[in-house]
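Novice: The structure under discussion is supplied below as structure tokens; questions concerning it will follow.
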Amino acid sequence: MLWIPGPTEVRPEILAECARPAIGHRSAAMTQLIERLDPHLAYAFGLAEGSSASLGVHSCSASGMMEASLRGVGKRVLSIVNGAFSKRFAQMVEAVGSESTTIDVTWGAGVDPALLRKVLEEQGPFDAVTLVSNETSTGVRTPIDSVSEVLKDFPNTLLLVDLVSYIAGAPVDFDANGIDFGFAGIQKAFACPPGLAVFCASERYMASAREQKQRGWYLDPVLLIEGHKARKTPATPTTPLYYALAQQLEDITAGVTLPEAEQHLRGKEAWQARFDKHTRMLERTDAWAKSRGLELYPDAQFTSPTVSCIAAGSIDVAEFCAGLKERGFEISNGYGDLKGKTFRIGHMGDHTEEGLESLIHAMDEVLGAPL
Ligand SMILES: Cc1ncc(COP(=O)(O)O)c(C=O)c1O
């Protein structure tokens, strides 16, 4: 069983959706398939009533949409870097020929809003700020509003947010949080197979994007949003994954993926119950770590509801992971420089609290009695 921080386990019913007969992507069947997505993506992105934001779906991984997001903004981009994926976002700024400035935050923490303000004032103006809301490499969740509150005083700076291991695991308030472009793959808290990305763009992001001359083609955000609106993908889509996503979104909204006692919930309440489950799983994982004399790696105010990164202390992480694998459970070693120093558990998607208890039992078995 996959307890890594994504890809995560996919229910057999969702995998079965990928085995449907092929359809032409210019057919009425494809139009209907695309139309199944938006009402539920609106819950995932937390769109306000009457929101003017545009939803989209594209056949690529999340990194593709990370790059696409940068193609719709001007050349001066400020990146908040507090882990491996936010570093990738900053590197992409240069890769698309823009000018990258970074705020390097100690791994394990989120950005200090006062520092963000200072950099914006002293080194601005910036066309955009990049943020990874949930650093999968460190288990750090940066509250999006801590950044967007500061940006209210810099109205010409757009906010681009990586929601990869966060969305569908915790509430995103796209409009209230002043996000201009948010994106994710579907293999994390959506609990679908990898290969499709979802995204949402504000009106002012679209206006900015239309002004940019060289947006490429396959990752042109304007082409993608317009294609999605017209229910016509610019290129051949990964149709089997559209089926999987549509079914999973409908199931989440219908309460199907919730614990039995909550399966009567529908719509917004069902999504909220999914988020609450993730919070309880974080709390249980934290309590287990403490029971073993271990600590979560991030500062307490930044712990992620979907990915727990635990400082390993004297545990041999490679051996620990191997012992778990023998028992049928896969968790992840630390990422990059944190390899051997931390281990990560992805308690997201359709994982259940009972399942987490089984993992905890196996972890206790591999570690033996607490020291
Ligand atoms: C926070 C974050 N951003 C971006 C990515 C890149 O996603 P992908 O490998 O789907 O392109 C990942 C992958 O794990 C991630 O965790």
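Novice: Tally the residues that are of a type outside the set (D, E) and part of a helix (DSSP H, G or I), restricting the search to the range 311-356.
Specialist: Matching residues across the range 311-356 total 12.
Novice: If a residue must be open to solvent by 10 Å² or more (accessible area, probe 1.4 Å) and within 16 Å of the ligand (Cβ to nearest atom), how many such residues does the range 167-208 contain?
Specialist: The number of residues fulfilling the criteria is 5.
Novice: A further question follows. Working only within the range 131-169, note down all residues that are touching a helix residue (DSSP H, G or I) at 6+ places or on another chain (Cβ under 7 Å), among the polar types (S, T, N, Q) and free of Cβ contacts under 8 Å to residues at least 60 places away in the same chain.
Specialist: S133, S146
Novice: Does D251 satisfy being modelled with pLDDT of 95 or more, open to solvent by 50 Å² or more (accessible area, probe 1.4 Å) and within 27 Å of T306 (Cα to Cα)?
Specialist: no
Novice: Next question. Quick one: count up the residues across the range 322-361 that are out of contact with any helix residue (DSSP H, G or I) (no Cβ under 6 Å at 6 or more places or on another chain) and surrounded by fewer than 20 Cβ atoms within 10 Å (Cβ to Cβ).
Specialist: Of the residues in the range 322-361, 15 are out of contact with any helix residue (DSSP H, G or I) (no Cβ under 6 Å at 6 or more places or on another chain) and surrounded by fewer than 20 Cβ atoms within 10 Å (Cβ to Cβ).
Novice: Suppose we keep only residues that are assigned to a helix (DSSP H, G or I) and within 22 Å of L219 (Cα to Cα) within the range 1-32. Which one would you say is farthest from the ligand (Cβ to nearest atom)?
Specialist: Taking the candidates together, the pick is T31.
Novice: Now, a different point. Go through the range 267-309 residue by residue and tally those that are in contact (Cβ under 8 Å) with a residue 60 or more places away in the chain and not hydroxyl-bearing (S, T, Y).
Specialist: 23
Listed here are the residues, each with its yes/no results for (1) surrounded by fewer than 20 Cβ atoms within 10 Å (Cβ to Cβ); (2) of a type in the set (S, T, N, Q); (3) within 24 Å of D173 (Cα to Cα).
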residue	(1), (2), (3)
A22	yes, no, no
I34	no, no, yes
S52	yes, yes, yes
Q91	yes, yes, no
G97	yes, no, no
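The values are calculated or read from the model by the stated rules, or taken from the named source; none is laboratory data. Predicted model, so just to flag it, every value in this text is computed and none were measured. When we count neighbours, we look across all protein chains shown, and the Cβ atoms used for this are built from the backbone with ideal geometry, even at glycine. Only protein heavy atoms, including side chains, enter the accessible area calculation; ligands, DNA and RNA are left aside. Shrake-Rupley method; radii C 1.70, N 1.55, O 1.52, S 1.80 Å.
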